[in-house]
Amino acid sequence: MLDTMSCLERFADSTRTHIDLAVRVVPGSPASVRVRNRFSSNLHEVVTCSSEGAFVTSWGYRLGTVDDIDAAAARLAYLLAAMPA
């Protein structure tokens, strides 16, 4: 069984490499990662991890999988107009 909380923590760590983003892991059911662009209150997203290992936004967009967490985080950063550190 996939440890989704661990996957979300790794996703959050990878997302934090983008300097324009503020990232917070939120435990609960379901656990999630809340991400916002520090320079725009309109650019924010909540990401969950499915039991199949897919990172999914609050509006259902599939960012990627646990097989390539860095690529999924980079895709979210692009959607939120963030620059890498």
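The values are calculated or read from the model by the stated rules, or taken from the named source; none is laboratory data. Not measured: the values here are computed from a predicted model. Cβ: placed from backbone, ideal geometry, glycine included. Neighbour counts: every protein chain shown.
Would it be correct to say that Phe11 is touching a helix residue (DSSP H, G or I) at 6+ places or on another chain (Cβ under 6 Å) and part of a strand (DSSP E or B)?
no
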Options Thr17, Thr65, Thr4, Thr57: the member that is touching a Leu at 6+ places or on another chain (Cβ under 8 Å) and in contact (Cβ under 8 Å) with a residue 12 or more places away in the chain = Thr57
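Take the conditions within 21 Å of Asp68 (Cβ to Cβ) and either in a helix (DSSP H, G or I) or free of Cβ contacts under 8 Å to residues at least 40 places away in the same chain (or both) and apply them to Ser41. Does it pass? So that I can check it myself, show each step before the final result.
On the way: within 21 Å of Asp68 (Cβ to Cβ): no; either in a helix (DSSP H, G or I) or free of Cβ contacts under 8 Å to residues at least 40 places away in the same chain (or both): yes.
No; evaluated as a whole, the condition is false for this residue.
Residue-by-condition table, conditions (1) at pLDDT 95 or above; (2) under 20 Å from Leu2 (Cα atoms); (3) of a type in the set (Lys, Arg):
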| residue | (1), (2), (3) |
| --- | --- |
| His18 | no, no, no |
| Arg24 | yes, no, yes |
| Ser29 | no, yes, no |
| Ser32 | yes, yes, no |
| Arg36 | yes, no, yes |
| His44 | yes, no, no |
| Ser50 | yes, yes, no |
| Thr57 | yes, yes, no |
| Asp67 | yes, yes, no |
query = What number of residues within region 56-70 satisfy the criterion of being crowded, with 16+ Cβ neighbours inside 10 Å and either touching a Lys or Arg at 6+ places or on another chain (Cβ under 7 Å) or not in a strand (DSSP E or B) (or both)?
reply = 5
